[in-house]
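My questions will all concern the structure given below.
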Amino acid sequence: MDLLLPFQYEFFSRGILVSVMVGGICGLIGVYIVLRGMSYIGHGMSHAVFGGAVVSYIMNFNFYLGATSWGVVSALIINEIAKRNKIKADSAIGIVTTAGFAIGVLLISLNRSYIRNFEALLFGNILGITDQDLVAIILVTILTGIFIFLFNKRLLFTVFDRDTAQVYGVKTDLVDMLFSLILAGVVITSMSSIGVTLLAAALIAPAIASRMLTNNFLKMIILSCSIGIATSFSGMYASFYFNSASGATIVLFGSAAVGISALYSFLLKIRHSHYHGDTKHSHAHVHTGKHKHSHENDG
Amino acid sequence: MNLNSMITLNDVTFGYSLKSPIVEGINLTIFKGQFVGLLGPSGSGKTTLLKLIIGLIKPWHGSIIFHDSSSVRSSKVAIGYVPQVESVDWNFPVTVREVVGMGIWDQSGITPWLEKNAKEEIDNLLQGLGIVEYASRQIRQLSGGEQQRVFLARALIRNPDILVLDEPTSGVDHNTREKIIGILNDLNVGGMTIVVTTHDIQGIARRLPWIVCMNHHIIVEGRPEDALTENNLLETYGLAEVN
């Protein structure tokens with residue numbers, strides 16, 4: 001079997017490049033989403049932007065301008081509703097994003113001739129990436145990287161301890177808004193490759209897998225990006241030989257990464273180092289009354 | 001005690017619902033170098049008053065004025081804030097050093113990581129608080145008292161004019177409580193202005209130099225022997241003194 005056969009096709013090489021970039025930025029931004037406990041926001045944002053994409057197509061606007069505008073408006077509305085405290089963020093996200101999705105579905109139902117064109121948006125079409133899509137993904141990748149580099153301290157502080165961050169001068173509302181806009185950009189540029197229905201998993205799977213492997217924030221970032229890139233590459237590559245939908249294959253590889261990380265974490269837990277008296281060793285065990293011992297960090 | 005006022009609250013009122021204010025008609029002055037305890041039962045508005053003082057929330061009515069060292073009105077009073085430990089996600093993947101580093105997020109360069117100077121400054125502070133050996137540990141590995149000291153370090157690294165702590169001895173054992181009170185006393189002797197909230201009458205309130213008893217409004221303030229009378233406690237807690 002010629003392992004390099006897929007790369008002889010330009011559409012595949014382009015698809016691999018896109019999937020690796022999408023995997024990387026989803027892995028990066030996903031860390032903050034998971035740590036904030038807002039894993040549903042990727043799902044919600046992708047559904048909201050779908051409405052904007054449909055409107056853009058019907059009104060003959062540029063897809064990126066239309067979807068970005070819709071994404072920005074959705075992010076603004078979600079932030080405003082959540083700030084009022086009467087309604088929590090999950091409710092705000094739920095209503096705003098499903099309403100956006102519903103607008104898209106309504107418009108499609110009124111214009112049935114457009115149905116086939118939106119299958120690509122719903123399920124992804126990584127092999128149909130245009131030059132404009134490629135430029136947009138490269139631009140968002142660079143912007144996301146710059147944003148995280150410059151704003152990491154503010155972001156981390158806001159996510160960990162929002163009140164104290166505000167007291168110490170972090171403009172937490174601005175940080176939230178900028179994060180939402182960056183997320184909207186990642187979602188919009190990733191939609192064409194992964195699809196609205198699968199994007200949420202692509203956003204959070206690498207971060208969840210990495211969280212189970214480390215308690216160190218920097219390592220979590222590196223692992224999440226690496227897992228995102230690796231699963232995107234592997235999924236894309238496998239889809240060539242399985243002749244399967246590339247977006248779905250990538251997401252399944254991401255889900256497998258979560259499963260493997262969970263198993264590794266479990267095995268590590270039952271085999272951790274401990275002391276019997278002064279003797280340090282490790283072996284598989286469970287904590288029962290008959291197996292008493294101390295641990296390195298006790299006391 | 002230095003008689004220069006640091007923070008003055010004039011007729012401050014605030015609530016989360018328009019129909020029922022949490023704190024009402026608060027008139028209070030905190031002087032430079034004071035060590036003040038806000039005492040009251042749960043739900044009495046202690047934390048709300050603290051949040052008003054540190055500027056997290058704005059009063060519906062009244063004013064909060066900050067003064068610099070010469071009692072001139074100023075917006076530049078540096079505040080060190082220690083929240084309740086229960087409000088923090090201790091499973092968050094950060095080390096002790098990273099948490100303390102958050103206190104100087106705006107003074108430690110534009111890179112996402114802590115620079116060498118910042119690390120040294122943090123380690124020196126942790127050394128002073130007796131927890132430098134935990135600098136690289138994940139915060140989830142620390143005991144309650146050690147976590148409290150980490151938060152204290154994060155507040156102190158900003159060289160605050162005033163230290164504000166919300167229930168600093170909540171959920172800790174007797175020995176740890178004594179250590180924390182000891183650290184705060186040492187800081188106050190060194191000139192730090194400190195405001196703490198507490199509902200612990202015997203363990204904390206009786207040992208502080210100045211007490212403000214409150215239950216949605218200020219009932220009395222003064223030295224413990226003057227403020228913590230049976231009548232005042234009855235009005236504050238709605239029952240006789242708790243032993």
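Could you pull out the pairs from A:Lys219/A:Lys269; A:Lys269/B:Lys179; A:Lys219/B:Lys179; B:Lys51/B:Lys116 whose alpha carbons sit more than 24 Å apart here?
Long pairs (Cα-Cα over 24 Å): A:Lys269/B:Lys179; A:Lys219/B:Lys179; B:Lys51/B:Lys116.
Ok, one more. Over what distance in Å are the Cα centres of the stretch A:193-241 and the stretch B:170-230 separated?
50 Å
Here's a follow-up. Distance in nm between label sites at A:Ile142 and B:Val189, each 7 Å beyond Cα in the beta-carbon direction?
Label at A:Ile142, label at B:Val189, 6.0 nm between them.
I'd like the Kirkwood hydrodynamic radius of chain A, using the inverse of the mean 1/r over distinct C-alpha pairs, in Å.
20.7 Å
Grab the beta carbon distance between A:Gln132 and A:Ala256, set R0 = 30 Å, and tell me the FRET efficiency rounded to 0.05.
The formula returns an efficiency of 0.40 here.
With a sphere of radius 15 Å drawn around the Cβ of A:Asn62, what net charge do the other residues whose Cβ falls strictly inside it have (Lys, Arg +1; Asp, Glu -1)?
Once all neighbours under 15 Å are counted, the net charge is -2.
Moving on to the next point. What is the fewest-to-most order of A:Ser39, A:Ser74 by other Cβ atoms lying within 10 Å of their Cβ?
If I rank by nearby Cβ atoms, fewest first, I get A:Ser39, A:Ser74.
Still on this structure, I have one more. Which of the aspartates and glutamates could a cross-linker span from A:Lys153 if the Cα-Cα distance has to be under 16 Å and same-chain partners fewer than 8 positions apart are dropped?
A:Asp161, A:Asp163, A:Asp173, A:Asp176, B:Glu98, B:Asp106, B:Glu115
Can you list residues whose amide H is under 5 Å from B:Ile219's amide H, if they're 5+ apart or on another chain and H is modeled 1.01 Å from N?
B:Cys213, B:Met214
Please list 3J(HN,Hα) in residue order for the stretch A:135-151, calculated via the Karplus relation 6.51 cos²θ - 1.76 cosθ + 1.60 where θ = phi - 60°; whole Hz, with x for glycine and proline.
So the J values, rounded to whole Hz, are 4, 5, 5, 4, 4, 5, 4, 5, 4, 5, x, 5, 4, 5, 4, 7, 10.
Once you sort the root eigenvalues of the Cα gyration tensor of the stretch A:93-163 as a ≥ b ≥ c, which label holds: rounded (a/c under 1.5), prolate (a/b larger than b/c) or oblate (the other case)?
It is oblate, given that a/c is not under 1.5 and a/b is not larger than b/c.
Counting pairs of alpha carbon atoms under 8 Å apart in space and at least six apart in sequence, what relative contact order in percent does the stretch A:112-241 give?
Dividing the mean separation by the residue count of the stretch A:112-241 yields 30 percent.
From the phi angles alone, apply the Karplus equation (6.51, -1.76, 1.60; θ = phi - 60°) to the stretch B:39-51 and give each ³J(HN,Hα) in whole Hz, x where the residue is Gly or Pro.
Coupling constants for the stretch B:39-51: 10, x, x, 4, x, 7, x, 4, 5, 4, 4, 4, 5 Hz.
Still on this structure, please answer the following. Hey, what D do you get for the protein assembly as shown in µm²/s if you plug the Kirkwood alpha-carbon radius into Stokes-Einstein at 37 °C and 0.692 mPa s?
The calculation lands on 124 µm²/s.
Of A:Phe217, A:Phe242, A:Phe118, which is the most mobile in a GNM of chain A whose springs link Cα atoms less than 10 angstrom apart?
A:Phe242
To the nearest 10 degrees, how steeply does helix A:63-83 sit against the main Cα axis of chain A, on a 0 to 90 scale?
Roughly 50 degrees between the two axes.
Would you mind checking the radius of gyration and Dmax of the stretch A:83-227 based on alpha-carbon positions, in Å?
Every Cα atom of the stretch A:83-227 included, Rg and Dmax give 17.9, 55 Å.
If the elastic network links every pair of Cα atoms under 10 Å, which of A:Gly100, A:Gly37, A:Gly124 fluctuates the most in the Gaussian network model of chain A?
A:Gly37
Quick one: 3J(HN,Hα) in Hz for the stretch A:239-255, Karplus 6.51/-1.76/1.60 with θ = phi - 60°, rounded, Gly and Pro as x.
5, 5, 7, 7, 6, 10, 4, 5, x, 5, 5, 4, 5, 5, 5, x, 5
Specify, per residue and in Å³, the volume enclosed by the convex hull of the alpha carbon atoms belonging to the stretch A:162-219.
119 Å³
What does the extension gain come out to for A:Leu268 and A:Leu65, with contour length at 0.36 nm per residue minus their alpha carbon separation?
Length gained, A:Leu268 through A:Leu65: 68.3 nm.
Quick one: compute the contact order of chain B, relative version, from alpha carbon pairs under 8 angstrom and 6+ residues apart, as a percent.
Value for chain B: 26 percent.
Just want to confirm a number: the relative contact order over chain A, from Cα pairs under 8 angstrom separated by 6+ residues, in percent.
Dividing the mean separation by the residue count of chain A yields 27 percent.
Since every read-out is calculated from the coordinates, none of them should be taken as a lab result. The structure presented is a predicted model; accordingly, all values stated were derived computationally and were not measured. Neighbour counts are summed over all protein chains in view; Cβ atoms, including those assigned to glycine, are modelled from backbone coordinates with ideal geometry.
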